[in-house]
Ligand SMILES: [Zn+2]
């Protein structure tokens, strides 16, 4: 990152307005569908990837995994942790580093698939991570166990 770089962290809605992603004409079932059931995400393989690679590099965005089950859209073509790509009508500036939060960090319970967000999510990683359960599906005994561990730690 140089002195002239501008870092922007914004919402998905802001990004839609600002950069206007094009719809994926290659797949009727593309992810991230708008009101007209047209998806905007492109896959990371095959003809969809070929199409992405042909676009102006300043109009390509990467959908990727972040920490703690979060997902982000970052400007540019990236490989690491990628989930898909977007192409926008409006190009970003060379010196912009843009992070669009799609899914906030959260704890997705491996057992019952309930999602716990924000501070509750953080707490779940700490207390329930090893158990691979959450407050909704842990047994009474397991909850007591966790309480005891917390009490001992303090
Ligand atoms: Zn659970």
For residue 10 paired with residue 151, estimate the spin-label separation in nm (one decimal), with each label point 7 Å from Cα along the Cα-to-Cβ line.
5.1 nm
Sequence-separation-based contact order of segment 106-153, relative, with Cα cut under 8 Å and 6+ spacing, percent:
31 percent
Shape of segment 67-154 from its Cα gyration tensor (a ≥ b ≥ c, root eigenvalues): rounded if a/c is under 1.5, otherwise prolate when a/b > b/c, or oblate?
prolate
Whole-Å distance linking the alpha carbon centroid of segment 100-135 with that of segment 17-92 is 26 Å
What does DSSP give for segment 6-103 in terms of the percent of beta bridges that are antiparallel, rounded to the nearest 5?
75 percent
In Å, the Kirkwood estimate of hydrodynamic radius for segment 108-154 over Cα pairs equals 10.8 Å
With -39,500 (n - 2.57) per DSSP H segment of 4 or more residues and division by the full residue count of the chain, the 222 nm estimate, nearest 500 deg cm²/dmol, is -8000 deg cm²/dmol
Viscosity 0.890 mPa s, 25 °C: Kirkwood-radius Stokes-Einstein D of the chain over Cα pairs, µm²/s
138 µm²/s
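If contacts are Cα pairs under 8 angstrom and at least 6 residues apart, what is the relative contact order of the chain in percent?
21 percent
We did not get these values from a lab; they are worked out from the coordinates using the rules stated. In this text, all values refer to a predicted model and were calculated from it rather than measured experimentally. Note that we place each Cβ from the backbone using ideal geometry, even for glycine, and neighbour counts take in every protein chain shown.
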